Structures are given as structure tokens and as C-alpha cells.
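Asks: Before I ask anything, here is the structure I am working with.
None of the figures in this text is laboratory data; all of them are computed from the coordinates on show. Everything numeric in this text was worked out from a predicted model, so none of it was measured. Cβ sites come from the backbone with ideal geometry, for glycine too, and all protein chains shown count toward neighbours.
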Amino acid sequence: MARFEENCEILESDELGRYLVAKRDLARGQQILVEQPIVVGPYWDSGIRCLNCFRNSCTICRKCKRAPLCFDCTTHNETECEFYLNSGLNINFLFDHFNVVTPVRCLLLASSNRAKFDEMMTMEAHTEERRDTDIWNAHEKKVVRPLLENKAFDGKMENLKVTSELIQRICGFFDVNSFEIRGNMDDAQQEESLIRGLYPKAALMAHNCVSNTLISVDGDANLRLYVTTPVKKGEMLFYNYTRSLFGTFERRTHLKLGKYFVCTCSRCEDPTELGTHLSSVKCTGCDDGLCSYYAEENKWRCNKCAKELEETYVNNVLSDARKDAFECANNIDELERVIAKHSETLHPCNSIILELKQSLAGEIRNLCLFSPPSKVTEKLLLRKFHLCQEMLTILRVLEPGISRLTGIALYEYHVALWDLARKKFENKVIFVKELLEELAKAEGGLKESISMLLFEHPSTPEGQLTKRAMRDLKDLREEIKQTQAIVPEIKNGQKVVKVN
Ligand SMILES: [Zn+2]
Ligand SMILES: [Zn+2]
Ligand SMILES: [Zn+2]
Ligand SMILES: [Zn+2]
């Protein structure tokens, strides 16, 4: 079991605030923290949910007569129920102001669990940066005023003065620090019923666009933190609070708007984004040059001929591509057309193109799953295989070590390899020896995929994929065995490489 105090140390600096470093050498895959949330609650844009399980609500609590509940739940948190029972609030209050649910839970901690409340109050809320912004005003309207104007807390909290500043700060804790809770895949409503939780220890990690940790949260809201690459004693533990496959501009914007800082990690400071060129555009002055953005000089410059591109040209090229990508229908021909069109001006791994390619790979996968094999051509399977290879190359750089995205990409890579090898064998392009070699490669990819997805809890979509991957591994090994068995039938006595 992970002992947080043995693995991690909390340090503090003016620049970073509080942050985590490794207290000893940590091995790849090592679990360093298991944490229960202080509070869980729905996202701000959630519909009315059962306060006990967050599924769709269809009734109310018989005791407090205010809390929405679902068919299966008859109670919710006792302190919360008592609070609403004695609140004097209108019966419809929570239906009219559902956004107050989570902040109320946080405030109630002051009397039900003061230690947790105090721990929460050490978290970062970025109150000054948020003051009078859109999100601040939204909280003012949907949380602060309903609670204060309806005197929800008046005379009910002995040791706490509930002010608008305090409520705003609590809303800030959630906006800045919360982690998504997934899971309960058996539930058909899963997609909509995402909730989030406050985990003060995990939230201590500083951000880096190339992280060295992985977080896995199960359906019971337990958060587990793993190290994805070896971390030496004294090195910082990082989490990526934005998306790896966003380009630098999108990542920085996302972090600035949602987390209130400008990232200066090595990836953000490198115009080529560690050589992936996720934001690069093609040079108009030479054949194979790539132009990247040099922030200090505010210039787009070619890595081959040093030509500088006009900012308006780059902006036009990017916004054209974004517009087409947004409007593009999800079918193979259309996606290929838009990819080809914008690959003329953008790097083939520009994040906009990469996203289109992911959609394309998904469409080819659907075709393979739902069409008769005769409809799926070798050319199409080869295309998917190359898309998977390209994605893996990028992910190995941006998410080194254990990675959820790499695990998923490796799964798709093994499927592509397996399907393609079968098709080539059917078409007599390859024979048993090559088929076995390809199947062995697919097995290698699948095993690596499983080694990365094993960290996912079975109740999450990735956990479900892990189960499927294990079944596939069994099937693949069986197919390899059967293929090996037909070897003696081959004429000319060709010797087959033994595959384990
Ligand atoms: Zn329920
Ligand atoms: Zn109740
Ligand atoms: Zn960064
Ligand atoms: Zn050039």
C-alpha cells in the first residue's frame, strides 16, 4: 500500500507555491498515493442529480424533503440531510439552484470534519485572478446570492462566518484543483454523470506538459497516483492538467483560463514541441522546411531556410484548417479530403491534422467492426496501421513511460497489425512465415498496451478496454498456435521462426 509520506515531500516556493518532490527514488509504475476525496460533487453544468449516487433524479429525500434522489437511493449524507431539513429553505431550492450542492458540502465540513475543512482551506483558489471574471460572476449569480439571500447558513454554523468571499473561494478550489471521477460503466448514464472530487494531496503536484505521473480514479472515487517514468529522489512530481495532444497555444490558453498560470515547461518553451512539430506549419519558401513559432521574437521561422512567415498568413492557414476540421463529416472520404487539403500547408502531425487522423482511424475501426470483411480493403487497413504508428511516435515523446493514451493507441496498433496481416495472408501477399512474424509483433504491441492499461480501474472505460485486451491476447495466442500448426503443410520445407 502506498505511503504518501514515505514517497513524497511537500516543498514550498514563491514561484510555485506548495509542490511535491520524490522523497526517495521511485520506480516506473510505483503507486505513491491512494487518496479519498474531501468532497465530491457534480460539475457546474450538470443537470439535477441524485445527491447520493449522481444518477438522474426522479424523487426527493423523504426526510429533508429537499434533496433530489433517484429510484434506488433513499438517503444521502446525514449532515447534508440534517442541514437541508433545518434550513428553512424553499422546497424547490435545490431544484432551482442545483449549483449550490457542492459548495454547501464544503461549508458543512467546518462542523462535521474540521480537519478536512482546514486541509481544504490550504488549497489554491486564485481568488484575485478570478475576481470579476465570467466564472466569478456566474458563481455569484448561481451559488453566492442564492445561499446568502435565502439565509441558508444564518445562525447554523457555530464556528464559521459564511461570506461571499468564502463561497467564491470554495468555488475556486473546485475550478482549480478538482479531478474528474469516472467509473460505473455498467450504468447507461455514465457519459452524463461525471462528477469531480477534491483531493488535496494529489492537487499539490505542479503542472508540466510532459508529466511523470498517472492518476486513476475508480467508481468509488478513490484516487490512485502512479509514477510513469523513474523519478529520482528530490525530483519534482508533475501532473499534466491540460491535454497532451493540444498544441502549445491551445495548452497555454487552456491553462491560463482554467488554472491561472502561464506554463513555461520545456515543451512549451521549445518551438518544435520536443521535435513533434505539433504546432508547426509548412514553409512557403522551401520544400521540406517547417515553420515554428518563436515566442520571444514573436516570429514564425523555418527550420531549414530561416524564412519568416507573416503572422496573418499563419493565422489564416490555421483558422481555415480549424473551420474545415470542425465542419468535416465523420466519414472516411471526407476526412481524407480535409486531411489531404490541410497537409499541404500544415505539418502532417500538426494537432489539427492529428485530431482529424484520430477520427479517421476511428472510422476505419468502425468499418472493420461492422462491415463484411470483403468491404475492408488491404489499402484501408494499411492506412489505419500507418495512422496508429504515427500517433504512437508522437505519444512516446509527449507521454513517455506509462500512459493511458499510449495504452489505447497500442491497443489500436495491435488490432491494425493483426487485421492487416490476416488480409495480406488471404490475398497471398504474405505466407505463413511472415504471418507469424506479424502476429508476434501484434502480440508484442498488445502486451505493452496491457502493461499500461493495467493501472486503470475496471469500472472505467479504459478498465473495460483492459479486460478486452486480455481476451484478445488469449485469442491472438490461440491464432498463433493454430498458424504454427499448419507450418508442416507448407511446401519447399521452409523453416518457420519459432514464436513464443
Ligand atoms: Zn441515487
Ligand atoms: Zn435528505
Ligand atoms: Zn508546458
Ligand atoms: Zn523554409
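Asks: Which pairs, out of 23/201; 232/447; 156/201; 341/424; 375/474; 282/307, put more than 22 Å between their alpha-carbon atoms?
Replies: Among 23/201; 232/447; 156/201; 341/424; 375/474; 282/307, the Cα-Cα distance tops 22 Å for 232/447; 156/201; 341/424; 375/474.
Asks: Would you work out if region 244-343 is rounded, prolate or oblate? Take a ≥ b ≥ c from the square roots of the eigenvalues of the alpha-carbon gyration tensor; rounded if a/c is under 1.5, else prolate when a/b is larger than b/c, oblate otherwise.
Replies: On the way: a/c = 1.98, a/b = 1.15, b/c = 1.72.
In terms of gyration-tensor shape, oblate.
Asks: So for 161, 424, fewest C-beta neighbours within 10 Å to most, what's the order?
Replies: Values: 161 9, 424 18.
Arranged by neighbour count, lowest to highest, 161, 424 become 161, 424.
Asks: Let me ask you something else. Per DSSP H run of n ≥ 4, the term is -39500 (n - 2.57); total these for the chain, divide by its residue number, and report the mean residue ellipticity at 222 nm rounded to 500 deg cm²/dmol.
Replies: On the way: 18 runs with 221 residues, N = 500.
That comes out to -14000 deg cm²/dmol.
Asks: Could you derive backbone 3J(HN,Hα) for region 80-95 from the dihedral phi with the Karplus parameters 6.51, -1.76 and 1.60 (θ = phi - 60°), listing whole Hz in sequence and x where the residue is Gly or Pro?
Replies: 5, 5, 4, 4, 5, 4, 9, 6, x, 6, 3, 4, 8, 3, 6, 6
Asks: Quick one: grab the alpha carbon gyration tensor of region 90-203, order the square roots of its eigenvalues as a ≥ b ≥ c, and give me rounded if a/c is under 1.5, else prolate or oblate depending on whether a/b is larger than b/c. Walk me through the numbers before you get to the answer.
Replies: Details: a/c = 1.40, a/b = 1.23, b/c = 1.14.
Here region 90-203 falls in the rounded category.
Asks: Another question, then. How far, in degrees from 0 to 90, does helix 101-112 lean away from the longest principal axis of the Cα atoms of the chain, to the nearest 10?
Replies: Once rounded, one gets 60 degrees.
Asks: Taking other Cβ within 10 Å of each residue's Cβ, how do 57, 343 sort, fewest first? Spell out each step's value before the answer.
Replies: Details: 57 22, 343 17.
So the residues, fewest neighbours to most, are 343, 57.
Asks: Out of the DSSP beta bridges found with both residues in the chain, what percent are antiparallel (nearest 5)? Could you put the intermediate results ahead of the total?
Replies: Working: 35 of 37 bridges.
Within the chain, antiparallel bridges account for around 95 percent of the total.
Asks: Could you rank the peptides 442-448, 461-467 by their average count of other C-beta atoms within 10 Å per residue, with the highest value first?
Replies: On the way: 442-448: 19.4, 461-467: 17.1.
Result, highest mean first: 442-448, 461-467.
Asks: Taking the chain as the reference, fit the longest principal axis to its C-alpha atoms, fit the long axis of helix 164-177 to the helix C-alpha atoms, and give the angle between the two in degrees, 0 to 90, nearest 10.
Replies: Here the helix axis deviates by roughly 20 degrees.
Asks: For 164, 13, 211, which order do you get if you count the other beta carbons within 10 Å of each Cβ and list the fewest first?
Replies: Details: 164 14, 13 9, 211 24.
Ordered from fewest to most neighbouring Cβ atoms within 10 Å, 164, 13, 211 come out as 13, 164, 211.
Asks: Give me the dipole magnitude in Debye, nearest 20, for the chain about the Cα centre, with unit charges on the beta carbon: positive for Lys and Arg, negative for Asp and Glu. Don't jump to the answer; show the numbers that get you there.
Replies: Details: 68 positive and 73 negative charges, 240 e Å.
Here the chain has a charge dipole of around 1160 debye.
Asks: Please list, by residue number, everything in region 223-252 whose backbone N is under 11 Å from a paramagnetic label point 7 Å out along Cα→Cβ of residue 308.
Replies: Of the residues in region 223-252, none has backbone N under 11 Å from the label point off residue 308.
Asks: Can you tell me the 0 to 90 degree angle between the C-alpha axis of helix 332-343 and the longest principal axis of the chain, rounded to 10?
Replies: 90 degrees
Asks: Would you please name the GluC sites (Glu not before Pro) within region 295-366 that are DSSP coil residues with at most 15 other C-beta atoms within 10 Å of their C-beta? Present the calculation step by step, with values, prior to reporting the outcome.
Replies: Numbers: sites: 296, 297, 308, 310, 311, 327, 334, 336, 344, 355, 363; in loops: 296, 297, 310, 344.
Counting only loop positions with at most 15 other Cβ atoms within 10 Å, the GluC sites (Glu not before Pro) in region 295-366 are 296, 297, 310, 344.
Asks: Could you please state, rounded to a whole Å, how far the C-alpha centre of region 82-114 is from the C-alpha centre of region 348-411?
Replies: 47 Å
Asks: State the Cα centre-to-centre distance between region 121-164 and region 1-67 in whole Å.
Replies: When both Cα centres are located, 21 Å separates them.
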